[in-house]
Amino acid sequence: MKSFGKLTNYIKLRDYGLVLLCTMIGLFSYAQSTSPYYAISTVPIPEGIVLEVGGIAFNETGVLAASTRRGEVWRVENPQSKSPKFTRFARGLHEPLGLAYKDGSYYLAQRGELTKLTDEDNDGKADLYETIFNWPLAANYHEYAYGPVFLPNGDMLINLNLSWVGRGASLAKWQGWTLKVTPDGEMTPYATGLRSPAGLALNKNGDVFYTENQGDWVGSGRMTHLRSGDFAGHPEGLKWSGEEGSPVSLTMADIKDDDFSTLYDYAKTTEGVKPPSIWFPHTLMGISTSDIELIPNNFGPFEGQLLVGDQGHSKIMRVFQEQVNGEYQGACFPFVEGFSSGVLRMEWGPDQTLYVGMTNRGWASTGKAPFGLQRLNWTGKTPFEMKTIEVEEDGFTIRFTEELDKRTAANPDSYEVTDFNYIYHHVYGSDALLMEERTVYKVNVAQDGMSARIYLDGMRPGFVYEIKTPGVRNDRNESLLHDFAFYTLNNIPGEGTYNSEGLESPDLTKTVNVISAKRITERPSSWTNGPDQEITITAIAGMKYDKQEVRVKAGSKIKLTLDNPDDMMHNLLIVNPKTADKMGIEALKLGLKGQGMGYIPDSDDVLAHTNLLAPLSKDVIYFTAPTTKGKYQFVCTFPAHAQTMRGLFIVE
C-alpha cells in the first residue's frame, strides 16, 4: 500500500505460529461445531423457505421471528424443538436488516423506511404495515439500513449504510448516520461517520455502541461508543452536518488525509472525532463485524461482556470493556467459530440460548451454507480463558476463569506483547504499522491465583496491544483455550511514551506494489511476436471471479489482466494443482505483515501472481504457462477469499 521510509525502522514483523494456525484450522473447517464448553445446534428450516436472516426477535411467549433479505418475516414456534413450526407473517418488504418486537408489534428497517408490523385480527399474519419514518434513496445497491434498537424511553435508533461508488459515498440524505426516531415518527439526527454499520446495541450501562467494517477511512473492523453529536471517522456523512437538527458541527472540509495520522491522533487534534473503543484486527479476529449482544448470567463466566458476530468468518467474538478517564476501551477475544453461514444477527431466547441468524448471498463467508438459523448453548463447563484485561500505568492485569499454575503464570517468558496501529486515510483498509514488541519484565500473580499483573517496558496510548499467553497454565497444567487477545488502549493511568515526531509520512495514495520475479508487469523483450493468449479475469460480488475455468496451451505466452471493480481488495495467484487451499492457509500465516506482502506466500507452488488490488483498479502480468499439462488453479489469497474465489487454469 505504501513505502514507509524511516517508518520501516519501527516495524517489526512477527511469526504468529500456533495462534494463527489454530485460527486457520477454524476458518477452513465448516462442519457444525460442538465443543466441551459451547455447543452449536441447528434449527431445521423447512424446504422451500429461503431464510436469509436479516433480523431476529422474540415475543413475550417465546415465539421467534426472523426477517429475511428476500423481504419476508417468518414466525417460528418452538424453535428449540426438532420440528419447529414456520409461518410467514409478512412479505413484500425491501431487504430488512433488523427486527425488534415491542408491545405486540414488530419493527424493522427496510431500505427506505422504518416500518411497524401488526397482526390486528390475531390470525398469525401482519395486516397493518405502518411507515414510522422514511428517508430518500439513490438506488445504489449498497444502501443498507440496520435496526431498530429500542432505547429505554421507547425511542428507536437505526443505522444507514453508505452507498458504494468505488468508495463510500453519501448519495442521499442521512446515509452514513445513526438516526433516532420516536414511535410517532419524529426523527433526530444522532451521530455520523458511519460506513457499513451492521451492528448496533446498548451495553450493560445503557450506552450505545456500533460495529464497523474495514473499508475506505476504516483501517480494520472496530466498535465505537456513540454519543449524540459524535463523528466516528468516515467523512461522507458530514455532507448533512449542516442540516436542521444535526448535532454534528464538523464539515467535510475539516477532514483531510494528507498528513500521516491515526484515528486516535486525529481525535486529539480535531474536536468531535471519536476513535473506536475496540479494534478487531483484520483477519486475526474477523473481517466483517456484525451484531452485538450483551452476555446474560448463566452463560459461562462472562456476564456483562459483549458478543460481536463476524459475517465473513462465521464466528462470534467476545469483548470486555472498561472506562478510563471517561472513555471506553478494552479487549477482544476469540469466542466460538464454526457456524454454518455468515453470522449477521444474534438474539437471546427465553431459555438462555443464543439464536444466531445467518446469510452469505453476496457476502461470502467461511461457513458455506447460503443461510441458516442456529443455536448456541453453554454446556455448563467453564473454559480456561482470559476473562478480562484491565490497563495499569505500566502494564495490564489479566484475570482468568480458573486458578493459575503460579510457576508458569509468574514467568515473564510465558507472555508476549506487541503493539501496533492503523493509518486513518481514504484508502481501503490499512496495514498494521509501527509495530513494537514490548518486554514483559515482571509478573505478579495474585494470592488467589486468579489473576496476573504483567509489567511492560513502555506504554503507547492510541495503540492496539496484542497480548499472548502461550506459556500460562492452570493448576491442572492445561493451556488456555484461546491464548491471545487484542486490547485497544485509548487512555492509560499516567503519561504514555509515544512520540510521533520524526516519523516520515507514508504515501497514502497507493496500494502495495509487490515486486516479484513471479509478477512481470512489462512484456518481456524476448516476446517478439507478442503474447500467444490474452486473458482478462474480473472480480465480481460475492468473492468470486467472473471465470471459473481458463484453458491455455502448454508453454504459451500469456498476458493476464485482473480487473477489480469490486468494493474489496483482491489478488490472483496461478498455483500448482490442488494447492489453492494450502496457499490460502499460507497467506493467513503472514498475519499482521500480510497486507504489506500482498498476501502472496513465498512458495514454489505459486507460479505467477498479480498485485493485491484496491477497489476500482487493475493489474496486468506476463508469464509463460507451465510446460506440463494439468489442472492448475487460480485463487485469491486475501484472507477468507480462497474458499470461494478460485478457478481452474487448465494447461492443454
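The values are calculated or read from the model by the stated rules, or taken from the named source; none is laboratory data. Computed from a predicted structure; not experimentally measured. Here Cβ is always computed from backbone atoms with ideal geometry, including for glycine, and neighbour counts include all displayed protein chains.
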| For region 579-588, does any single residue satisfy the condition of being closer than 22 Å to Thr283 by Cα, over 25 Å from the mean Cα position of the chain (by Cα) and outside the structural domain of Trp164 (by TED's automatic domain parsing)? | yes
| field | Elements of type strands (runs of 3 or more DSSP E) in region 32-138, at least 1 residues being more than 22 Å from Pro350 (Cα to Cα) and basic (Lys, Arg) | value | 113-118
| Which numbered condition Pro189 fails, given (1) surrounded by fewer than 21 Cβ atoms within 10 Å (Cβ to Cβ); (2) farther than 21 Å from His94 by Cα; (3) at pLDDT 95 or above | (1)
| query | Scanning for something within 18 Å of Gly395 (Cα to Cα), surrounded by fewer than 20 Cβ atoms within 10 Å (Cβ to Cβ), modelled with pLDDT under 85 and outside the structural domain of Gly286 (by TED's automatic domain parsing), does region 483-491 turn up at least one residue? | reply | no
| request: Return yes or no: is Gly312 part of a loop (DSSP other than H, G, I, E, B) and under 12 Å from the mean Cα position of the chain (by Cα)? | output: yes
| remark: Scanning region 106-164 residue by residue, the ones that are touching a residue at least 40 places away in the same chain (Cβ under 8 Å), of a type in the set (Ser, Thr, Tyr) and within 17 Å of Arg195 (Cβ to Cβ) total 2
| task | Spot the failing condition for Leu616; the list is (1) surrounded by fewer than 16 Cβ atoms within 10 Å (Cβ to Cβ); (2) of a type outside the set (Ser, Thr, Tyr); (3) without any contact (Cβ under 8 Å) to a residue 60 or more places away in the chain; (4) within 18 Å of Val512 (Cβ to Cβ), and only one is missed. | result | (3)
| Name the residues in region 325-359 that are buried (at least 24 other Cβ atoms within 10 Å of the Cβ), polar (S, T, N, Q) and without any contact (Cβ under 8 Å) to a residue 60 or more places away in the chain, would you? | Ser341
| Criterion violated by Tyr37 - all others in (1) under 30 Å from Pro197 (Cβ atoms); (2) under 25 Å from the mean Cα position of the chain (by Cα); (3) at pLDDT 95 or above satisfied | (1)
| query | Is it the case that some residue within region 147-160 is under 18 Å from Thr224 (Cβ atoms), among the polar types (S, T, N, Q) and outside any strand (DSSP E or B)? | reply | no
| said: I need the full set of residues from region 32-59 which are acidic (Asp, Glu) and touching a residue at least 24 places away in the same chain (Cβ under 8 Å), in order please. | reply: Glu52
| task | Can you tell me which residue among Ile292, Ile255 is assigned by TED's automatic domain parsing to the domain that holds Ile158, farther than 30 Å from Leu99 by Cα and buried (at least 20 other Cβ atoms within 10 Å of the Cβ)? | result | Ile255
| note | Counting only residues in region 437-450 that are closer than 21 Å to Gly330 by Cβ and surrounded by fewer than 19 Cβ atoms within 10 Å (Cβ to Cβ), the one nearest to the chain's Cα centre (by Cα) is identified as Met450
| message | Could you check region 133-164 and list, in sequence order, the residues that are within 11 Å of Ala109 (Cα to Cα), of a type outside the set (A, V, I, L, M, F, W, C) and under 25 Å from the mean Cα position of the chain (by Cα)? | response | Tyr144, Tyr146, Gly147, Pro148, Asn159
